[in-house]
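Below: the structure, in structure tokens.
The values are calculated or read from the model by the stated rules, or taken from the named source; none is laboratory data. Please read these numbers as outputs of a predicted model, since none were measured by experiment. Cβ coordinates were reconstructed from backbone atoms using ideal geometry, including for glycine residues, and neighbour counts include every protein chain displayed. Heads up: the accessible areas ignore ligands, DNA and RNA and are worked out on the full protein's heavy atoms, side chains in. Shrake-Rupley method; radii C 1.70, N 1.55, O 1.52, S 1.80 Å.
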Amino acid sequence: MFKLHTTLENDLIEICELKLSKLMLLPDTENPWVVLVPRRADIRELHQLCHEDQVELLNEINEVSQFLELKYSASKLNIGALGTMVPQLHIHIIVRYE
């Protein structure tokens, strides 16, 4: 059963649920910053998702990235699965400016 890691639950604000992931906002005063958390239990790494979920996650990353790029006139997007503090798979998408 999927359960959101406590740190993510405490640090992020849920925006909505996509087909696979929770789309969450990381409050940041300088850069729009969202996090996608696949709703799958006990997943730490991207390769642990089944192929269909990997494809869906990439689709969600693309969809959210395109929205952020247009909405915020991004110079660059940083996209990554850092996981240094939270072991649960989650993907950061951060809008950057020159």
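Table for the structure above
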| read-out | value |
| --- | --- |
| Quotient of Cα Rg and 2.2 N^0.38 Å for the chain, N being how many residues it contains | 1.03 |
| Neighbour net charge for Ser73 - beta-carbon separation under 12 angstrom, K R +1, D E -1 | +1 |
| Rounded FRET efficiency, nearest 0.05, which uses the C-beta distance separating Tyr72 from Asp42 and R0 of 41 Å | 0.75 |
| Residue-normalised accessible area of region 21-66, expressed per residue, 1.4 Å probe, Å² | 58 Å² |
| Förster radius 35 Å - calculated FRET efficiency between Met1 and Leu25, Cβ distance, rounded to 0.05 | 0.90 |
| Cα long-axis angle, helix 51-71 against the chain (0 to 90 degrees, to the nearest 10) | 20 degrees |
| Apportionment of accessible area to carbon and sulfur, the chain, percent (1.4 Å) | 52 percent |
| Label point at Cys16 placed 7 Å out along Cα→Cβ; residues across region 51-71 whose backbone nitrogen lies under 18 Å | 56-71 |
| Relative contact order [Cα under 8 Å, 6+ residues apart], region 1-72, whole percent | 25 percent |
